[in-house]
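Below you'll find the structure, written out as structure tokens, and then a few comments.
Read-outs throughout are calculated quantities, based only on the coordinates presented, and are distinct from any laboratory measurement. Because the structure is predicted, anything quoted here is derived from the model rather than measured. Heads up, the Cβs are rebuilt from the backbone with ideal geometry, glycines too, and the neighbour counts pull from every protein chain shown.
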Amino acid sequence: MAHDNGHLLHTLFGFEGNPHWDPLHLVSSVFIVLGFFLISSAWSVLHKAQQAHSLASRGWYSRCRHPQYVAFIMIMFGFLLQWPTIPTVVMFPILVVVYVRLAKREEKVAIEEFGQEYINYMNRTPAWVPSFKRFNKF
């Protein structure tokens, strides 16, 4: 019932010492920090586009169509690595499916609102895995 044993993967993999410094915890921290960075930088682009009633297609939105959902998934995955519990292991895939379905529903609305402009955006921008090709405007 010690705090260190609450870090289940730390215990299962037999890591010794402070669980906050094992490789899984460090990797999870990277996922969490990068996820929060992605949310904040993508949010400002989305907010400006919504104010101008235009398509968000700059910054991270030039790299992938759903950077904020990617960020939420990264953060959830990071916390899952740190504190895997029965509820988090069960909820993680459910939440991923919810975000994917929400993204598809939002894309239908965007097609209705922006028409061919959004279809062109869909054709040149991947949905989930960011592209870092030179032609994307970042």
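General remarks:
- Converting phi to 3J(HN,Hα) with the Karplus coefficients 6.51, -1.76 and 1.60 and the offset θ = phi - 60°, region 106-112 yields 5, 5, 4, 5, 5, 5, 4 Hz in sequence order, with x at every glycine or proline.
- Fewest-first ordering of M122, M74 by other beta carbons within 10 Å of each residue's beta carbon gives M122, M74.
- A full extension of the chain between N123 and Q51 corresponds to an added length of 23.5 nm, given 0.36 nm per residue minus the alpha carbon distance.
- Label-to-label distance for F114 and F79 is 2.9 nm, based on points extended 7 Å past Cα in the beta-carbon direction.
- Residue-by-residue Karplus 3J(HN,Hα) for region 44-52, coefficients 6.51, -1.76, 1.60, Hz, glycine and proline x: 5, 5, 5, 4, 5, 5, 5, 5, 8
- When the inverse distances between all different Cα atoms of region 3-124 are averaged and flipped, the Kirkwood radius reads 16.3 angstrom.
- Computed 3J(HN,Hα) for region 58-63, one whole-Hz value per residue from the Karplus formula 6.51 cos²θ - 1.76 cosθ + 1.60 where θ = phi - 60°, is 10, x, 5, 6, 8, 9, glycine and proline marked x.
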